[in-house]
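Have a look at the structure below, then the notes.
The values are calculated or read from the model by the stated rules, or taken from the named source; none is laboratory data. Since the structure is predicted, the reported quantities are computational estimates derived from the model, not experimental observations. Note that each Cβ is placed from the backbone with ideal geometry, even for glycine, and that neighbours are counted across all protein chains shown.
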Amino acid sequence: MTATQEGRVALITGAARGQGRAHAVRLAREGIDIIGLDICEDIASFDYSCGTWAELEETAALVEKEGRTMVIGKADVRDGEAVKQVVDEGVARLGRLDIVIANAGMIRYGATENPVQEWQDTLDVILTGAFNTVQATIERLVDGGNGGSIVLVSSSAGLKGTGTDAPAAQAYTAAKRGLVGYMQVLAQQYAAHMIRVNTIHPTGVVSGMTTNAAMQKMAADPNTNIAAMQNLLPVAILQPEDIANAVAYLVSDEAKFITGTQWALDAGFSIR
Ligand SMILES: NC(=O)c1ccc[n+]([C@@H]2O[C@H](COP(=O)([O-])OP(=O)(O)OC[C@H]3O[C@@H](n4cnc5c(N)ncnc54)[C@H](O)[C@@H]3O)[C@@H](O)[C@H]2O)c1
């Protein structure tokens with residue numbers, strides 16, 4: 001990677017663990033300082049735990065091991081004011097903002113209990129969460145005058161729907177697809193400022209989202225269509241670092257011409 005990343009600052013939501021942590025560590029290795037937030041408490045309508053404050057602190061320690069600084073804050077991306085507060089504190093300490101990775105996300109695996117609530121909470125975390133993240137940061141990027149890169153973390157589900165009667169899973173696909181539309185309007189709106197906006201679409205990745213009891217129970221259920229979840233390449237699941245390596249390129253100047261794209265990081269899942 002080029003040396004031009006040195007001294008830049010990236011905001012990452014959902015930074016306590018999984019892909020968010022991998023982005024933080026990988027970008028720190030590029031010389032980038034990090035502002036990282038996470039909800040650090042559970043959300044009732046999802047059936048596995050969110051990241052914790054201790055995990056967010058561990059991410060910060062890993063960033064510091066790479067020789068960079070990480071400012072951390074507890075914020076729910078559904079709460080725009082809370083996100084803005086962490087961003088403002090981070091920029092006050094680190095001096096600028098160049099990269100935004102809207103990565104926070106949850107999914108529900110279990111049987112439907114409260115369809116409307118599960119639909120709404122999923123949309124709120126994924127879609128409104130990304131909106132709040134952009135709202136809290138876009139003026140910083142524009143006013144910085146250095147261009148910038150926004151990455152909205154969608155999913156293979158945002159490229160290709162898989163049949164389900166569960167409102168939470170329907171909402172996950174709808175929200176991840178909604179991020180594509182949101183990305184396109186942002187890419188058009190801010191291109192003149194050299195602010196690039198793209199979605200990434202990972203297939204299954206080892207993280208808190210996939211290594212939990214609710215996921216294991218769903219996978220073991222004979223009614224689950226496991227074949228529909230398999231990749232084209234004979235790769236069962238990706239590592240968070242696989243996604244972080246791709247994103248490190250996408251946010252770098254080597255990708256300075258890439259905007260408005262839906263980048264499938266999916267081992268061929270979406271054309272299978
Ligand atoms: N793991 C996969 O297989 C997979 C595949 C495709 C896309 N994704 C997407 O990747 C992103 C990262 O997920 P991951 O795989 O690292 O899972 P993860 O569960 O390990 O990490 C997600 C993080 O987001 C945080 N978070 C959740 N809701 C939040 C909220 N309202 N406010 C702030 N933080 C919140 C969680 O606490 C957690 O630390 C998500 O958007 C997810 O939808 C994951």
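Of the residues making up segment 110-140, just one is of a type in the set (A, V, I, L, M, F, W, C) and touching a Pro at 6+ places or on another chain (Cβ under 6 Å), namely 119.
The set of residues in segment 247-262 being surrounded by 19 or more Cβ atoms within 10 Å (Cβ to Cβ) and outside any loop (DSSP other than H, G, I, E, B) consists of 247, 248, 250. Restricting 185, 142, 134, 180 to residues that are β-branched (Val, Ile, Thr), loosely packed, with under 14 Cβ neighbours inside 10 Å and assigned to a helix (DSSP H, G or I) narrows the list to 185. For beta carbons closer than 7 Å, sequence separation of 6+ or different chains, a first residue in segment 255-272 that is farther than 14 Å from residue 161 by Cα and a second that is of a type in the set (D, E, K, R), the qualifying pairs are 258/196; 259/196.
Residue-by-condition table, conditions (1) touching a residue at least 24 places away in the same chain (Cβ under 8 Å); (2) away from the ligand (no atom under 16 Å from the Cβ):
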site	(1), (2)
132	yes, no
149	yes, yes
186	yes, yes
190	yes, yes
202	yes, no
209	yes, no
216	no, no
219	no, no
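Considering (1) within 16 Å of the ligand (Cβ to nearest atom); (2) touching a helix residue (DSSP H, G or I) at 6+ places or on another chain (Cβ under 8 Å); (3) among the hydrophobic types (A, V, I, L, M, F, W, C), the lone condition that residue 267 does not fulfil carries the number (2).
Residue count for segment 199-227, restricted to those that are at pLDDT 95 or above and in contact with a Phe, Trp or Tyr (Cβ under 6 Å, 6 or more places away or on another chain): 2.
Looking only at residues in segment 17-57 that are assigned to a strand (DSSP E or B) and more than 8 Å from the ligand (Cβ to nearest atom), the one that is surrounded by the fewest Cβ atoms within 10 Å (Cβ to Cβ) is 33. Taking residue 197, is it part of a loop (DSSP other than H, G, I, E, B) and surrounded by 15 or more Cβ atoms within 10 Å (Cβ to Cβ)? Answer is no for this residue. Looking only at residues of segment 201-246 that are in contact with a helix residue (DSSP H, G or I) (Cβ under 6 Å, 6 or more places away or on another chain) and part of a helix (DSSP H, G or I), we find that the one that is surrounded by the fewest Cβ atoms within 10 Å (Cβ to Cβ) is 241. When segment 101-122 is limited to residues that are surrounded by fewer than 16 Cβ atoms within 10 Å (Cβ to Cβ) and assigned to a helix (DSSP H, G or I), the one that is farthest from the ligand (Cβ to nearest atom) turns out to be 115.
Taking (1) modelled with pLDDT of 95 or more; (2) under 24 Å from residue 269 (Cα atoms) in turn, residue 164 satisfies each apart from (1).
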